[in-house]
Amino acid sequence: MEKVEIEILKNGPVIVTGEVCLKDHAGAEYTLEKKTIALCRCGQSANKPFCDGAHVSAGFKAEETAK
Ligand code: FES
């Protein structure tokens, strides 16, 4: 089984790389055309759950680090 990598970007989205199944609240599966996706965590994307770059103009700040 391929390892899935999840990376939290500073002031940006969550990057998911690998084979994943992404479902909405009703259980419907998104069609993913790439093995790497960016998930919005700022709440400003017009294409949720995906990041559309709106975090930049929104001035989203988040710098969590692994402890
Ligand atoms: S994190 Fe990029 S639009 Fe929200």
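A few points about this structure:
- Counting only strands (runs of 3 or more DSSP E) wholly contained in the chain, the ones carrying 2 or more residues that are among the aliphatic types (A, V, I, L, M) and in contact with a Cys (Cβ under 8 Å, 6 or more places away or on another chain) occupy 36-39.
- Residue within the stretch 13-22 that is away from the ligand (no atom under 16 Å from the Cβ) and either touching a Leu at 6+ places or on another chain (Cβ under 7 Å) or open to solvent by 60 Å² or more (accessible area, probe 1.4 Å) (or both) present: yes
- Residue match in the stretch 32-44 (condition: exposed (fewer than 14 other Cβ atoms within 10 Å of the Cβ) and within 14 Å of the ligand (Cβ to nearest atom)): yes
- Within the stretch 1-14, residues that are of a type in the set (S, T, N, Q) reach partners that are open to solvent by less than 30 Å² (accessible area, probe 1.4 Å) with beta carbons closer than 7 Å, at six or more positions or on different chains, in the pairs Asn11/Ala62.
- Some residue of the stretch 47-64 being within 16 Å of the ligand (Cβ to nearest atom), open to solvent by less than 100 Å² (accessible area, probe 1.4 Å) and among the hydroxyl-bearing types (Ser, Thr, Tyr): no
The values are calculated or read from the model by the stated rules, or taken from the named source; none is laboratory data. Source: prediction; values computed, not measured. Backbone-built Cβ (ideal geometry, glycine too); neighbour counts: all protein chains shown. Each accessible area value is taken on the protein alone, full model and side chains, heavy atoms only, with ligands, DNA and RNA left out. Shrake-Rupley method; radii C 1.70, N 1.55, O 1.52, S 1.80 Å.
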